[in-house]
1. Hey, what angle do you get for helix 25-46 against the long axis of the chain, alpha-carbon based, 0 to 90 degrees rounded to 10?
2. Eigenvalues of the Cα gyration tensor times 5, then square-rooted: what semi-axes does that give for the chain, in whole angstrom, largest first?
3. For the chain, what is the relative contact order in percent, using Cα pairs closer than 8 Å and at least 6 residues apart in sequence?
4. Could you pull out every residue, at least 5 positions away or on a different chain, whose amide H is within less than 5 Å of the one on residue 19? Hs are placed 1.01 Å off N in the peptide plane, and Pro or chain starts have none.
5. How large is the helix-only mean residue ellipticity at 222 nm for the chain, computed as the sum of -39500 (n - 2.57) over DSSP H runs with n ≥ 4, divided by its residue count, in deg cm²/dmol to the nearest 500?
6. Which is the longest part of the chain that has none of the GluC sites (Glu not before Pro) sitting in a DSSP loop with at most 13 other Cβ atoms within 10 Å?
Amino acid sequence: MRYFLHIWTGKTRIEDLEGAEYPDLAAARREAVRGVRDLLAERLKRGDVLDGQSIEICDENDRLVDTILFRDELRLPKGD
C-alpha cells in the first residue's frame, strides 16, 4: 500500500507528493520514526526549537492513519 509522510513544522505542512510503497502501516511508521530522528539530529545541531513538529502518515486515499510527534521520539533520561 502507498503511504504519504507529511511533515508539519508549526503551522506549515510539507506535503509528501509521491509517497512510497510499504507492506503495512507498521513499516510506514518505522520509516517515519527514522525520518523524525534524522530531522531531530539536524535541528539539535542548529539549535532549532523542537516542539510542535510532527509527521502525519496518510494512506493512498489521503486518510490520516497515524501521527508521530517529534518530541515523542526524543530520548530523555528519566528523573530520580
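Since every read-out is calculated from the coordinates, none of them should be taken as a lab result. Computed from a predicted model, the values in this text were never measured in an experiment. No Cβ is skipped: glycine too gets one built from the backbone with ideal geometry, and neighbour counts run over all protein chains shown.
1. For 25-46 against the chain, the angle is about 40 degrees.
2. Details: eigenvalues 114, 42, 22 Å².
Taking √(5λ) for each Cα gyration eigenvalue gives 24, 14, 10 Å.
3. Working: 120 pairs, mean separation 27.1, N = 80.
In percent, rounded to a whole number, it is 34.
4. 5
5. Details: 1 runs with 22 residues, N = 80.
Computed mean residue ellipticity for the chain: -9500 deg cm²/dmol.
6. On the way: sites that count: 15, 18, 60.
Longest site-free region, per DSSP loop and neighbour criteria: 19-59.
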